[in-house]
1. Restricting the search to the range 56-66, which residues are open to solvent by less than 70 Å² (accessible area, probe 1.4 Å), within 29 Å of LEU116 (Cβ to Cβ) and part of a strand (DSSP E or B)?
2. For a quick check of your reading of the model, give me the residue pairs whose first member lies in the range 659-686 and is under 30 Å from ALA637 (Cα atoms) and of a type in the set (S, T, N, Q), whose second is open to solvent by 70 Å² or more (accessible area, probe 1.4 Å) and at pLDDT 85 or above, with beta-carbon atoms closer than 7 Å and at least 6 apart or on different chains.
3. Within the range 276-283, is there a residue that is under 30 Å from ASP376 (Cβ atoms), surrounded by fewer than 16 Cβ atoms within 10 Å (Cβ to Cβ) and basic (Lys, Arg)?
4. Being modelled with pLDDT of 95 or more and either within 30 Å of LEU568 (Cα to Cα) or within 28 Å of the chain's Cα centre (by Cα) (or both) narrows it down to one of HIS475, HIS460, so name that one.
5. Specify which of the listed residues (VAL661, VAL657) is under 29 Å from ARG237 (Cβ atoms), surrounded by 17 or more Cβ atoms within 10 Å (Cβ to Cβ), among the aliphatic types (A, V, I, L, M) and more than 25 Å from the chain's Cα centre (by Cα).
6. Quick one: how many residues across the range 185-226 are under 21 Å from ILE270 (Cβ atoms) and either among the aromatic types (Phe, Trp, Tyr) or modelled with pLDDT under 95 (or both)?
7. Would you confirm whether or not the range 517-525 contains a residue that is at pLDDT below 95, open to solvent by less than 20 Å² (accessible area, probe 1.4 Å) and farther than 22 Å from GLY440 by Cα?
Amino acid sequence: RSDFGAEIGGPIVKDRLFYFGAIDPQWQRTTLIAPENFPLRSLGNVDRDRRLVPYAAKVSWQPASGSRLDFSAFGDPSEGDNGPQRRSALLRTDTAAYSSIDYGGNNQTLKYEGALRPTWLLEASVSRAANSITETPSVNTWSVTDGTVTPNVISGGIGFYEVGNDGRNLQYQAKSTHFIGGHEIRYGVEYEDIQYLNTINRTGPTFTTPDGQQTATGASITVLPDPRFGRIFRVNRANLSNVRDTNQHYLSFFAQDTWRFGRLTVKPGIRYEQQKLVGNVSDFTWDNNWAPRIGVTYDLMGNGRTKLFGSWGRFFAQVPNDLAARALSADAGITRADYFDADLTQPIPEGTAAGPTGDTTHYITAGLSASEFDPDSKSTYQDEWVVGAQHELVQNVSVGVNYVRRRFGRILEDVGTAPMLAYVLGTVPASVEYFITNPGVNTPVAGDVGQPVSFEDPIHEYDAVQFSAEKRFSHNWGLQASYRWSRLHGTYEGFFRNDNGQSDPAITSLFDFPTNDPTYATAGRQFGFMGDIRFLGALGAGPLPLDRPHQVKVYGNYMTPFGLNVGLGLQVGSGAPLTALAANPVYDSPGEIPMTPRGDGFQTEDGFKTRTPWQKQIDLHLGYDVNLGPRRITLLADAFNLFNTQTVLDYDNFTEVSFQVPNPDFGRRLVYQTPFQLRLGARFSF
């Protein structure tokens with residue numbers, strides 16, 4: 001990675017008008033190599049090149065004493081040359097999965113701050129943020145996984161890609177602060193107008209579905225062995241529509257008071273949030289989201305050196321527009337379409353036993369219309385409690401300890417109300433429309449599979465104790481250090497699934513099927529079901545993917561007598577918990593069903609492990625000022641991962657690449673720690 005930045009700034013009009021500018025061009029080259037025994041191993045080292053141009057600019061104007069107007073702009077337009085933009089591109093038979101990308105964002109903000117009176121402070125701002133990503137495949141052919149051979153052979157194009165993913169956010173906010181007696185009263189309002197245009201595609205030509213419709217995209221196909229027909233061709237991903245134009249209206253306001261009397265400071269407050277999502281087909285509004293919170297600080301000795309503090313607050317989650325694109329629009333996805341031929345012209349008739357497990361259902365779609373929303377559904381929220389103490393040992397040196405507790409009180413998710421077995425038995429409709437609700441033990445279940453089946457309440461429990469020490473910069477040196485013990489336990493991580501990389505806020509696959517379902521691991525075995533869906537629920541509760549019990553961070557800097565500023569940082573932390581995941585029998589998608597309770601581990605190429613190794617990294621910062629009369633140049637150097645530590649960050653935890661298709665790379669090293677990086681910079685001041 002090459003990274004060289006420059007900054008410039010100074011006054012335009014003395015004491016009134018100032019400017020600042022920075023640019024940090026970056027050239028990133030990541031060298032990849034295909035695994036042993038894969039066809040593209042013959043290419044040797046393959047470079048993935050990307051160019052980034054982060055920039056920032058700011059102009060500040062003080063029209064009068066006590067008021068200021070700031071305009072700032074920053075962004076990071078970037079592009080990647082045609083090559084293995086996805087690591088999986090090197091697992092193919094040729095370079096057909098290469099692609100190029102253009103991505104990044106541009107942001108602007110205009111902000112006013114002014115003291116209208118000695119007891120009245122006003123703040124107001126308007127901001128615009130725009131982000132986009134466009135991927136261009138090098139080859140436009142279907143993505144095909146040949147499951148009739150071992151190891152499986154993957155060929156063709158990249159499959160799913162973003163034709164255009166454009167987002168724009170206009171944000172308006174105003175805040176007012178009043179000092180009345182011993183009170184500091186603060187209130188404000190914020191409004192966001194968010195647009196999101198999501199256009200997707202899948203490589204390859206469109207084709208005709210078994211019911212006679214023409215798709216809007218290509219397809220991802222798995223070739224399956226068949227005892228009667230030799231082999232069949234299963235489309236496990238395609239779309240009947242691919243453009244979702246959405247917007248969001250988000251309104252919030254808050255009021256809080258800071259009340260000081262004696263040694264005690266109390267800060268009560270309340271926040272209101274309302275969110276409306278609008279898709280291509282319908283819209284939905286979540287309101288009445290009242291979030292109270294309170295904080296208390298007590299000066300124990302009355303000298304400002306020892307304080308006790310505590311707080312409680314409720315925090316609602318703002319749902320991104322992905323939910324409007326996927327659930328309030330016609331996602332129109334095909335999750336199964338079976339054909340006799342590779343050209344997808346001869347669909348297998350319903351009722352015909354075909355495939356390795358003799359499936360009789362050969363055409364399954366999802367999201368042909370907008371999802372149904374529970375009219376009583378509410379936004380996801382989390383409660384947080386914090387208590388702690390801080391003490392100044394001597395001047396500029398303080399130590400502290402605090403405890404943090406977080407719990408989800410309610411989550412918003414999409415639910416498919418039929419058990420997994422019902423899909424295989426054909427007792428549910430061919431098209432499944434998902435139901436957006438607050439899932440729990442009272443969520444209804446449809447489809448009779450002979451035994452009681454139910455949903456479960458999500459579990460998300462975070463507890464942490466942190467010890468910290470700080471020596472503020474004085475006498476030419478400063479130090480910050482902390483140790484945190486934490487526990488993140490449960491069944492629901494949040495909007496993002498780190499265990500399989502699914503980024504679909506509020507519509508993950510965790511609740512697509514009832515989790516308290518004993519038939520999955522009993523009757524489902526005859527259909528090749530692997531793992532146990534109950535491990536997604538309470539039976540499998542354990543360390544969630546972001547659980548890192550031990551975290552140590554130390555950063556210090558020292559100013560040498562000859563003007564060289566030296567900073568050294570150390571980070572040491574526990575590894576990630578490991579859970580093996582089988583494919584979903586209905587979706588055919590990998591990484592869905594746990595083989596064991598969370599964190600029970602699996603056999604890797606480095607032996608049986610329940611966690612990845614501890615992570616360790618040392619970073620170095622150097623800064624040196626060169627004085628040129630009234631001007632100054634600061635030379636900067638930052639070395640990340642100074643000793644080039646290459647710890648394994650993740651292992652391949654997918655036991656299958658699709659349903660009943662084993663993953664030959666299961667247990668292999670997947671991701672390593674980012675190697676040594678050097679960043680050089682210069683700051684010019686005058």
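The values are calculated or read from the model by the stated rules, or taken from the named source; none is laboratory data. Keep in mind the model is a prediction, meaning the values are calculated, not measured. Quick reminder, even Gly has a Cβ in these numbers, built from the backbone with ideal geometry, and neighbours come from all protein chains shown. For accessibility, only protein heavy atoms count, side chains too; no ligands or nucleic acids. Shrake-Rupley method; radii C 1.70, N 1.55, O 1.52, S 1.80 Å.
1. Passing the criteria: ALA57, VAL59, SER60.
2. Here the result reads GLN673/GLN646, each pair linking the range 659-686 to a residue that is open to solvent by 70 Å² or more (accessible area, probe 1.4 Å) and at pLDDT 85 or above.
3. Yes, some residue in the range 276-283 is under 30 Å from ASP376 (Cβ atoms), surrounded by fewer than 16 Cβ atoms within 10 Å (Cβ to Cβ) and basic (Lys, Arg).
4. Numbers: HIS475 fails: modelled with pLDDT of 95 or more.
Matching residue, one of HIS475, HIS460: HIS460.
5. VAL661
6. 2
7. yes
For every residue, the table says whether it meets (1) in contact with a Leu (Cβ under 9 Å, 6 or more places away or on another chain); (2) part of a strand (DSSP E or B); (3) basic (Lys, Arg); (4) on the phi > 0 side of the Ramachandran plot.
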position	(1), (2), (3), (4)
THR31	no, yes, no, no
ARG68	no, yes, yes, no
ASP81	no, yes, no, no
LEU116	yes, yes, no, no
